[in-house]
Structure formats: C-alpha cells, structure tokens
Amino acid sequence: MLIIPPFLLGVVAGLRAMMAPAAISWAAYSGAIDLTGTPLAFLGSIWAAAVLSIAAVAELISDKRPTTPARTVPPQFGARIVMGSLSGASLGAAQGSLVAGLVCGLFGAVIGTLAGRAARAALARAFRADRPAALVEDLVALIGSALIVTNFW
C-alpha cells in the first residue's frame, strides 16, 4: 500500500477538516475508489457525498468569520485528526490496509493542522490581510484533495 496518498489527504484535513472526507466520498460514489466490502463503504453513497459536501462548504464559509476558533483548539484540532484518520483509512481500505491508511491520515492531519496554521499566518502577513490567505488555503485544500483522490489510485 502506498502511504503517501493517505498522509497527504490527512494534510488536507488539517487545512480543511471536511474537504478530505467529501473528496473521498465523491471518489467512492463515482467509482474512482472502491470501498465495497469495507467498513467505510457507506462513504460511497450519494447521501454521504451530499452531506459531506454541505459540511465542507459550510466550513469554507465559516472559516472566514473572525469569531471562528483557531484550528488548534481541542475541538477543532480533534475534528481535523478524526477526519484525516477517516480519510486516510478510506484510502487504505481501498488498498486492503485500513489501519495503515488511518495512521498515515492521522499523522498527516496533525502536520497539516500545524503547518497550515503557520503557512496561513505567513501568507496573511505577506498579504497584510487574512482573507486572501484563507482563500489560498481553500484552493490548496480543494485542488489537493481532488488531485490525491483522482491521481494516486
């Protein structure tokens, strides 16, 4: 099993928690990733794809609000770890190694959360505003998740 795609998808979850599972769900629904017969097969349903997509869009919107808590406070950090683990486990399950994918996704989520915070802060300083930095982060998460689920499998 390749460990890089689950790790990278975990990094995406560290940037935007719901983007990674939404990408996995659409990939499974479209047949790009086969989760049939795995504990995560439910992610391949249209319902899962729709709910996770709505959650991803809501996260993109709420991230721009000044009252949104930092990604490193326990509830937000925990959500990123859970979603990174779930997403990595899904890629792992598609290759017959759910646990290895889960672990790689977990580590990717931790690194993505911490590195994403630092990168966004640096971009915000460079732009002299947070919103453009947040939009760059959105694009990295969106394009990155699409590339991971479509090109590595």
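Find the relative contact order for the chain and round it to a whole percent, using C-alpha pairs within less than 8 Å whose residues are 6+ positions apart.
After rounding, I find 38 percent.
Relative to the longest principal Cα axis of the chain, at what angle does helix 130-151 sit, 0 to 90 degrees, rounded to 10?
The two axes meet at around 10 degrees.
Counting only heavy atoms of protein chains, what accessible area per residue, in Å², does segment 29-153 have with a probe of 1.4 Å? Please list the in-between numbers first.
Values: 6760 Å² over 125 residues.
Computed with neighbouring chains in place, this is 54 Å² per residue.
Counting Lys and Arg as +1 and Asp and Glu as -1, each charge on the Cβ, what is the dipole of the chain about the Cα centre in debye, to the nearest 20?
540
If we sort 99-106, 80-87 on the protection proxy, mean other Cβ atoms within 10 Å, highest first, what's the order?
80-87, 99-106
State the extension gain, in nm to one decimal, for the chain segment bounded by Ala119 and Ala41, taking 0.36 nm per residue of separation less the distance between their alpha-carbons.
24.7 nm
Full-extension gain between Ala129 and Ala50, please, as 0.36 nm times their residue separation minus the C-alpha to C-alpha distance.
Answer, rounded to one decimal: 25.2 nm.
Round to the nearest 10 and give me the degree value, 0 to 90, for the angle of helix 74-94's Cα axis relative to the longest principal axis of the chain.
Compared with the principal axis, the helix lies near 30 degrees.
Over segment 69-133, what relative contact order in percent results from Cα pairs under 8 Å that are six or more residues apart?
It rounds to 26 percent for segment 69-133.
The values are calculated or read from the model by the stated rules, or taken from the named source; none is laboratory data. As the structure is a prediction and not an experimental result, all values here were calculated from the model. Note that each Cβ is placed from the backbone with ideal geometry, even for glycine, and that neighbours are counted across all protein chains shown. In case anyone asks, the SASA skips ligands and DNA or RNA and just uses the protein heavy atoms, side chains included. Shrake-Rupley method; radii C 1.70, N 1.55, O 1.52, S 1.80 Å.
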